[in-house]
Amino acid sequence: MADILQTPARPADRHHPDGDRHHNHRDHDDDRDHGRDRRGPVPTVIADRVDIVYRVNGTGAGRGTATAALNRILRRGQAEKTAGVRTVHAVRSVSFTAYKGEAIGLIGTNGSGKSTLLKAVAGLLPVESGRIYTDGQPSLLGVNAALMNDLTGERNVYLGGLAMGMSREQIKERYQEIVEFSGINEKGDFITLPMRTYSSGMAARLRFSIAAAKDHDVLLIDEALATGDRSFQQRSEARIRELRKHAGTVFLVSHNNKSIRDTCDRVLWLERGELRMDGPTAEVIREYEKFTRSGG
Amino acid sequence: MSQVLSTPPPAQTVTDDDPAALAARYGLSVSGARPSLPAYIRQLWARRHFITAFATAKLTAQYSQAKLGQVWQVATPLLNAAVYYFIFGVLMGTKHGVPDYVPFLVTGVFVWTFTQSSIMAGTRAISGNLGLVRALHFPRAALPISFALQQLQQLLFSMAALVVILLCFGVPVAASWLLCVPALLLQSTFNAGIAMVMARMGAKTPDIAQLMPFLLRTWMYVSGVMWSLEHIMRNHRLPHAVYLALETNPAAVYIDLMRYALIDSFDAGQLPHHVWAIALGWALLAGVGGFVYFWKAEETYGRG
């Protein structure tokens, strides 16, 4: 029941695509198709000339002061600039189409708009212009995705699962698997302790394990693996490959080129909010490494 | 297969195939769009176990850092009542003319606290759980509803203490105690509705949380928590509008209904006319109105 609700009603032909149409689509897509032809490319995320602009309050002179705040309220109707609102153009006209079964890496130097783009795909940030279409509801997994710190890890597993729309039975079934995957209990019975007692790495691992327990249509991972230790990273990478097999699409933001190489078959390279390159992992990373070495 | 894209924007995007058409063909939906009201209700219903589990978890976690632990569930409302008794009953002497003053006061304090804490929790339901909202996808109304439910569970603890107090003060057990159930049901609906309204306002303007304690305190004093409104209205000549406003004030209505149900000396004559209709009206207005109001901004929660 929950699963039906997870993904809004979609036309029946998605699962049984009309052969003729399907064929056309494939022909058209051939030049951008990176070995997805096993299943035929079914798009799961389409970004159409997406622009994302942040508006930041209180950047004018003396921003923290009471008079500045009053000023802002009084001048609300006026131009944003005089009211101390600054705009940051974080993503500029990015377009791409992601397909079922793809694992896509997002690379770029700090502040290039990777996380922002993922948030927008997850529907957590409004786009300034353009559109993002997704299949069902993408799930974003970031480093600061906090669960409830005053509750035990065990409760968090249950609550996280319920919040994702899993049933109690499903969670019970997977509970052991989740705990084992997280490796929380490797050093003692930590799962029955409140999450506030966990180290940041442990908390991040548990969060990832909970989110990864469900088969997502689209899973967005924002450097969530960086906090785990080596053995956990390997387990996560294996899990990402598994999720892809279940016909999901995985996006992975990482500064670890090796982890991108190991898990992704396609890479989007963002620089200053612009999509600089989109192609097979090896090619894009080679260019990216050239770029970072030259101090770009 | 791939090329270094020159800036400005890549020309490599779908050229002759419109992305919107492609999205429509495969049934993709616009990311972050608000679901229709019926779809939203279905999603919310599917998360009912989350709502109850979250409320219970929050309730048990509430005093997890305290040494006395769950004892505070009962001790907190009792201490509250004791303070009000000291100030209003002993120092200010409002108890004169009110029969069974202690049960009267304690019922008032507990029922009022239910509404007050539901509203306060609702105000922070979104703004205080941004991590959760940004990490997982679920209909956001689950949060304020869950917080209102947590307060209801809290009230049930208080009610257990209340029953002991009532018996200690010689209030007889009566069939009218069963009226608690519909009264609580209506009040809970009302509280959940207001919590949703506050959640939306609090999500947009976190400053509301600073303002609420003052508004709530004012509301408490005009709702007859510690004194009998009926006495005041009898002893002072008030304009009809004020009289009407005091009488139909939802907090006062729910408090008086509970007193009527529990305390034998509080008779029907002290209730406003059509009291059940008023109670139902407030519950429906707040419940349905609050839900729709909250849903209208569903796509904006946790953004920015």
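Read-outs throughout are calculated quantities, based only on the coordinates presented, and are distinct from any laboratory measurement. Just so it is clear, the model here is predicted, and its values are computed rather than measured. Every residue, glycine as well, gets a Cβ built from its backbone with ideal geometry; the counts of neighbours run over all protein chains shown.
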Which of A:190, B:214 has the fewest other C-beta atoms within 10 Å, and how do the rest follow up to the most?
B:214, A:190
Please state the equivalent ellipsoid semi-axes for segment A:185-296: what are the square roots of 5 times the Cα gyration tensor eigenvalues, largest first, in whole Å?
30, 17, 12
Report the gain in length on full extension from residue A:246 to residue A:197: 0.36 nm times residue separation, minus Cα-Cα distance, nm rounded to one decimal.
14.2 nm
If each of residue B:233 and residue B:74 carries a label point 7 Å out from its Cα toward its Cβ, how far apart are those two points in nm?
3.6
Other chains near A:123-134: what is the mean number of their Cβ atoms within 10 Å of each residue's Cβ?
6
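Kindly point out which whole DSSP H helices in chain B project their C-alpha atoms 24 angstrom or further along the helix axis while averaging a Kyte-Doolittle hydropathy of 1.6 or above.
Correct list, ordered by number: B:142-168, B:275-295.
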With R₀ set to 51 angstrom, the calculated FRET efficiency between the beta-carbons of residue B:248 and residue A:187, to the nearest 0.05, is 0.25
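What FRET efficiency do you get for residue B:300 and residue B:48 if R0 is 30 Å and r is their Cβ-Cβ distance, rounded to the nearest 0.05?
FRET efficiency, residue B:300 to residue B:48: 0.80.
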Residues whose built amide H sits under 5 Å from the amide H of residue A:140, excluding neighbours closer than 5 in sequence, are A:220
Would you list which lysines come within 20 Å of residue B:58, measuring only between C-alpha atoms, while excluding same-chain residues fewer than 8 positions from it?
B:67
Given a Förster distance of 60 Å, the FRET efficiency implied by the Cβ-Cβ spacing of residue B:18 and residue B:56, rounded to the nearest 0.05, works out to 0.75
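So between residue A:293 and residue A:238, what do we pick up on full extension, going 0.36 nm a residue minus the alpha carbon distance?
Using 0.36 nm per residue and subtracting the Cα-Cα distance, I get 16.8 nm.
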Phi-based couplings in Hz for segment A:148-155 (Karplus 6.51, -1.76, 1.60; Gly and Pro marked x)
9, 5, 8, 9, 5, x, 4, 4
Report relative contact order for segment B:36-298 in percent, whole number only (criteria: Cα-Cα under 8 Å, sequence separation at least 6).
28
Give the Rg (one decimal place) followed by the Dmax (whole number) of chain B, computed from C-alpha coordinates and expressed in Å.
24.3, 89
Computed label-point distance, nm, for sites residue B:179 and residue B:277 using a 7 Å Cα→Cβ extension:
1.7
Going down the list A:187/A:290; A:119/A:187; A:119/A:258; A:214/A:290; A:100/A:172; A:119/A:245, which pairs span over 32 Å between their C-alpha atoms?
A:187/A:290; A:119/A:187; A:214/A:290
